[in-house]
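Working notes for the structure below.
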Amino acid sequence: MATIKEIKEELAKIRELESPFFKEFEKDSRSGVQKEIEKRKKAIQAEMDENLRLEAMLRYEKELYVQGINLIAGVDEVGRGPLAGPVVAAAVILPQNCKIKGLNDSKKIPKKKHEEIFQAVKDNALAIGIGIMDNHVIDQVNIYEATKLAMKEAIAQLQLKPEHLLIDAMELDLPISQTSIIKGDANSLSIAAASIIAKVTRDNLMNHYDQEFPGYDFSQNAGYGTAKHLEGIAKLGITPIHRTSFEPIKSLVTKAK
C-alpha cells in the first residue's frame, strides 16, 4: 500500500476537480489520505478562482487585442496623499494575455507579498517606465499636476512605444490613444502591474529617507500623516522632503516665518 506521502505526491499532479484519479484515491479510508484529497481539491478550486479573477482583470486588454492593439501600457501612481516624499508613477507593458498570480491593486496585496509580485512583474513585462516628481515639484504645481507629470515621465521611460494607455482615473495630454478607468488598479492587470511597480519603488525610496531622516518613521508610514510621523515633526521639525503645500506642514512653515 502506498504511503500517505506518496499519495500526496500523486495528488499534486492532478489539475482538475473532475479527474478520475480522485475517485481512486477516495477508496482509501485512511483519514490522512482523505485530508490530503480535500486539501488538493481546495488548492485546485483556489487556482481556478484565481484564474477567473485574472481573466476578468484582462477584459479591457482583450477588447484592445481584438482591435489588433497589443502594446498596451498600464499606468498608475502612488503617493498623492503623504505629507513627505515624492509622487511615483509607473507604466508597464505586459505580454498579450499575461497572467501573474496574485497580481491585484497593490493596496489589496499583503505587504509580505509586495517584493515577490514586484519581481514577477519585472520578470514578465515587455517594458517598464518609472516617473518620480519630488516634493518641490508637488509644491510648485500641485499634487494633481505633479501626478500627471510623473505619469508622462513613466511613459516616456518605456523602452517600447505603447499603442494604447490604460490609466487609473486620469487623462493625459499625450498623442496616444488612452482609456481612463475608475479603480483601474483593481480592474485591469496592466494597471495593477504599474501599481505594484510604483508602490515598491516608492516604499524603497521612503526606506532610504528613513535612514537619512530618522525619527519620522518613514519606513513604516511611507510619509503619510501617522501619529508617529506627526510626533516626529513636533519634536524635530520638517525635513527637506516634506511637502510645504500640505497641511499641517504649510501652517508650520508660515509660523516659522
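Going through the stretch 217-249 one residue at a time, which ones are outside any helix (DSSP H, G or I) and either over 15 Å from Pro86 (Cβ atoms) or hydrophobic (A, V, I, L, M, F, W, C) (or both)?
Asp217, Ala222, Gly225, Thr226, Gly237, Ile238, Ile241, Phe246, Glu247, Pro248
Determine which member of the set Asp49, Asp28 is more than 30 Å from Pro175 (Cβ to Cβ), surrounded by 13 or more Cβ atoms within 10 Å (Cβ to Cβ) and at pLDDT below 90.
One residue alone meets the criteria, Asp28.
Of the numbered conditions (1) in contact (Cβ under 8 Å) with a residue 24 or more places away in the chain; (2) touching a Ser or Thr at 6+ places or on another chain (Cβ under 8 Å); (3) closer than 30 Å to Lys250 by Cα; (4) not in a helix (DSSP H, G or I), Glu171 fails exactly one; give the number of that condition.
For Glu171, the failing item is (1).
Out of the residues in the stretch 185-208 that are more than 19 Å from Ala127 (Cα to Cα) and of a type outside the set (A, V, I, L, M), which is surrounded by the most Cβ atoms within 10 Å (Cβ to Cβ)?
Top of the filtered list is Asp203.
With respect to Lys148, is the statement that it is out of contact with any Gly (no Cβ under 9 Å at 6 or more places or on another chain), at pLDDT below 95 and within 30 Å of Thr239 (Cβ to Cβ) true?
no
Within the stretch 131-150, identify whether any single residue is under 30 Å from His229 (Cβ atoms), aliphatic (A, V, I, L, M) and under 15 Å from the mean Cα position of the chain (by Cα), and answer yes or no.
No, because not a single residue in the stretch 131-150 is under 30 Å from His229 (Cβ atoms), aliphatic (A, V, I, L, M) and under 15 Å from the mean Cα position of the chain (by Cα).
Please name all residue pairs, on different chains or six or more residues apart, with Cβ atoms under 6 Å, provided the first residue is in the stretch 11-34 and is closer than 24 Å to Asp49 by Cα and the second residue is surrounded by 11 or more Cβ atoms within 10 Å (Cβ to Cβ) and among the charged types (D, E, K, R).
Filtered contacts from the stretch 11-34: Leu11/Glu36; Leu11/Arg40.
Could you please find all residues in the stretch 239-257 being farther than 17 Å from Gln140 by Cβ and β-branched (Val, Ile, Thr)?
Scanning the stretch 239-257 gives Thr239, Thr254.
Output the number of the condition that Thr254 fails; it satisfies all remaining conditions of (1) outside any helix (DSSP H, G or I); (2) more than 21 Å from Thr147 (Cβ to Cβ).
(1)
Kindly indicate whether Ala193 is at positive phi and modelled with pLDDT of 95 or more.
When the stated conditions are applied, Ala193 does not pass them.
Tell me which residues, restricted to the stretch 53-82, are touching a Pro at 6+ places or on another chain (Cβ under 8 Å) and either closer than 21 Å to Gln159 by Cβ or surrounded by fewer than 24 Cβ atoms within 10 Å (Cβ to Cβ) (or both).
Leu71, Ile72, Ala73
Please pick out the residue among Glu55, Glu6 that is in a helix (DSSP H, G or I), over 30 Å from Ile196 (Cα atoms) and acidic (Asp, Glu).
It is Glu6.
Give the residues of the stretch 58-87 that are assigned to a loop (DSSP other than H, G, I, E, B), closer than 30 Å to Asp210 by Cβ and hydrophobic (A, V, I, L, M, F, W, C), sorted by residue number.
Correct list: Leu83 only.
Out of the stretch 89-143, which residues are surrounded by fewer than 15 Cβ atoms within 10 Å (Cβ to Cβ), in a helix (DSSP H, G or I) and touching a residue at least 60 places away in the same chain (Cβ under 8 Å)?
Passing the criteria: Lys107, Lys108, Glu115, Lys122.
Scan Lys13, Lys42, Lys62, Lys23 and give me the residue that is modelled with pLDDT of 95 or more and out of contact with any Asp or Glu (no Cβ under 8 Å at 6 or more places or on another chain).
Testing whether each residue is modelled with pLDDT of 95 or more and out of contact with any Asp or Glu (no Cβ under 8 Å at 6 or more places or on another chain) leaves just Lys62.
The values are calculated or read from the model by the stated rules, or taken from the named source; none is laboratory data. From a predicted model like this one, the values you see are computed outputs, not experimental measurements. Backbone-built Cβ (ideal geometry, glycine too); neighbour counts: all protein chains shown.
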